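Encoded as structure tokens, the structure appears first; notes follow it.
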């Protein structure tokens, strides 16, 4: 909601930086909580639902932008994009309150009022602590992490992976559409067409999440992502590719 107060691009950059800083723990933290409640055989579909919900939010946001721009742009002297941030903030407040009161912590630390003692005990028995006296976070653990090549190697792979997939995950399709010299897409088209990226992502995520729970072998989904990312990138950087082919690559 604070984004709506921005007066220049630098304001928006600063606000988004602060938002990203505090938001950075959400994905890893949620994965940790999911892994605390569900076994390996159950985790894929739960993680898939969590990831798909984020994609659905982005997809919904595209249509929301279209509706707000067409009906509220200029209302009370505010541009449509400001109204978008205001409305998204209003939507987010009850979600944040729900999370504050209902987030369950882990089975061994939960104080969730909606779970009975029998349910809490069942969760603890399903996911026992391997070493009761082991500290989750200690100086020795931090030193071990920072001195291991895994930390730096996999972080770099994650960065490179996000860069290679940015054509689909970083809203570049919208910029691509704006950059086409012989096209003049409307604001509604710029907002609506890229939602197909999230739609395909939702289906793909749920299929692979369910599949890896059923037949195991989660490594296969990694190869699938890598192959499709490379193939899409080749299409996008090839000058002779048609606009339709590049649209297909984004999707």
- Message: Against the conditions (1) in contact (Cβ under 8 Å) with a residue 40 or more places away in the chain; (2) surrounded by fewer than 15 Cβ atoms within 10 Å (Cβ to Cβ), where does residue 138 fall short? Just the number, please.
- Response: (1)
- Can you tell me which residue in the stretch 62-76 is nearest to residue 87 (Cα to Cα), limited to those that are in contact (Cβ under 8 Å) with a residue 12 or more places away in the chain and surrounded by fewer than 19 Cβ atoms within 10 Å (Cβ to Cβ)? 64
- Message: free of Cβ contacts under 8 Å to residues at least 12 places away in the same chain and more than 20 Å from residue 49 (Cβ to Cβ): which single residue out of 232, 184, 192 fits that description?
- Response: 184
- Could you list, in sequence order, all residues of the stretch 39-55 that are farther than 25 Å from residue 197 by Cβ and either without any contact (Cβ under 8 Å) to a residue 40 or more places away in the chain or exposed (fewer than 15 other Cβ atoms within 10 Å of the Cβ) (or both)? 39, 40, 41, 42
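Give the residue, chosen from 14, 112, 96, 56, that is closer than 30 Å to residue 186 by Cβ and at pLDDT 85 or above. Explain how you work it out, then say what you get.
Working: 14 fails: closer than 30 Å to residue 186 by Cβ; 112 fails: closer than 30 Å to residue 186 by Cβ; 96 fails: closer than 30 Å to residue 186 by Cβ.
After applying the criteria, what remains is 56.
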- Message: So for the stretch 26-34 (the condition being loosely packed, with under 13 Cβ neighbours inside 10 Å, modelled with pLDDT of 85 or more, out of contact with any strand residue (DSSP E or B) (no Cβ under 7 Å at 6 or more places or on another chain) and under 26 Å from residue 80 (Cα atoms)), does at least one residue qualify?
- Response: no
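The values are calculated or read from the model by the stated rules, or taken from the named source; none is laboratory data. Worth saying up front: this structure is predicted, and the values here are computed from it rather than measured. Quick reminder, even Gly has a Cβ in these numbers, built from the backbone with ideal geometry, and neighbours come from all protein chains shown.
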